[in-house]
Each structure stands twice: as C-alpha cells, then as structure tokens.
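Below is one structure, written out as structure tokens; comments come after it.
Please treat every number below as a calculation from the coordinates, not as lab data. Being a predicted model, the structure only gives us computed values, none of them experimental. We place every Cβ from the backbone using ideal geometry, glycine too, and count neighbours over all the protein chains shown.
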C-alpha cells in the first residue's frame, strides 16, 4: 500500500536537507574541513565540494562536509582547500565519479525526500549513541 504525502515538494526537500546536513556536521565533529575552525549553529554549514546544489549531488555524502560560514559562503566554498581535502581523503577516482554526476538531472519525489530524511535521522542517532 502506498502512503500519500501531502504538502509542497520544497517542504519535503528542506526537511530531507536539514536531516542530511545535521548528520554531516555531526559526522565531521562540527570542524570545518577547509580551515579547521570548530563552530555550531548557523556558523557551521554542510558545504558541497562542487558548487551549486544540484540534485544529483545534493545528498552525496562524499561531496558534502562540514564547513564554517566563512569558508562556505564568504569564500565560496574555499575551493583550493576543499580540493586538497578531497584529494587526500578520497583520491582522484572518487573525485572523478562526483564530477561525472555533477549537474546531471535527478528528480526526487516527496517519498524519496521522506526516505532520505528518515535515513539521516537514523544515521545521526547512531552517531550520537
């Protein structure tokens, strides 16, 4: 039996993103991967390695990491430092895989977003425990 989800798609997307971003920031211990600053709340973001929040990379764990507000927004992602982090942490093959996904069209349904939200709530709870 299918569950009927009512509401705007953007609401489900935001809820999924909030759960995912909370997990990413906790996973990275609220330490900016590009400058090393520790921060919480609005001062810590979940920043994408490749610019833009394209659906194909929106929820890719290897493409999103904790970044302070300054690195992510003021410095536009602090690309040189982020590149070095990615190369060291994941290597060229993973970086190439992400580049191939970049800007590819991916369409999520309300149920997809709900599933993502639930998945990252569980993963966050596991990290906390």
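Scanning segment 59-87 for residues that are on the phi > 0 side of the Ramachandran plot and surrounded by 19 or more Cβ atoms within 10 Å (Cβ to Cβ) yields a count of 2. Within segment 116-129, being farther than 14 Å from residue 15 by Cβ and in a helix (DSSP H, G or I) holds for 122, 123, 125, 126, 127, 128. Somewhere in segment 6-25, is a residue farther than 18 Å from residue 124 by Cβ, surrounded by 14 or more Cβ atoms within 10 Å (Cβ to Cβ) and in contact with a strand residue (DSSP E or B) (Cβ under 9 Å, 6 or more places away or on another chain)? So far as segment 6-25 goes, no, none of its residues is farther than 18 Å from residue 124 by Cβ, surrounded by 14 or more Cβ atoms within 10 Å (Cβ to Cβ) and in contact with a strand residue (DSSP E or B) (Cβ under 9 Å, 6 or more places away or on another chain). For segment 88-97, the criterion of being closer than 23 Å to residue 124 by Cβ, in contact (Cβ under 8 Å) with a residue 24 or more places away in the chain and surrounded by 19 or more Cβ atoms within 10 Å (Cβ to Cβ) is satisfied by no residue at all. Name every residue in segment 35-57 that is in contact with a strand residue (DSSP E or B) (Cβ under 8 Å, 6 or more places away or on another chain), within 27 Å of residue 114 (Cβ to Cβ) and touching a residue at least 40 places away in the same chain (Cβ under 8 Å), in order of residue number. Listed by number, the residues that qualify are 49, 57.
Looking for something farther than 19 Å from residue 23 by Cβ and either assigned to a helix (DSSP H, G or I) or within 14 Å of the chain's Cα centre (by Cα) (or both) - is there at least one such residue anywhere in segment 108-115?
yes
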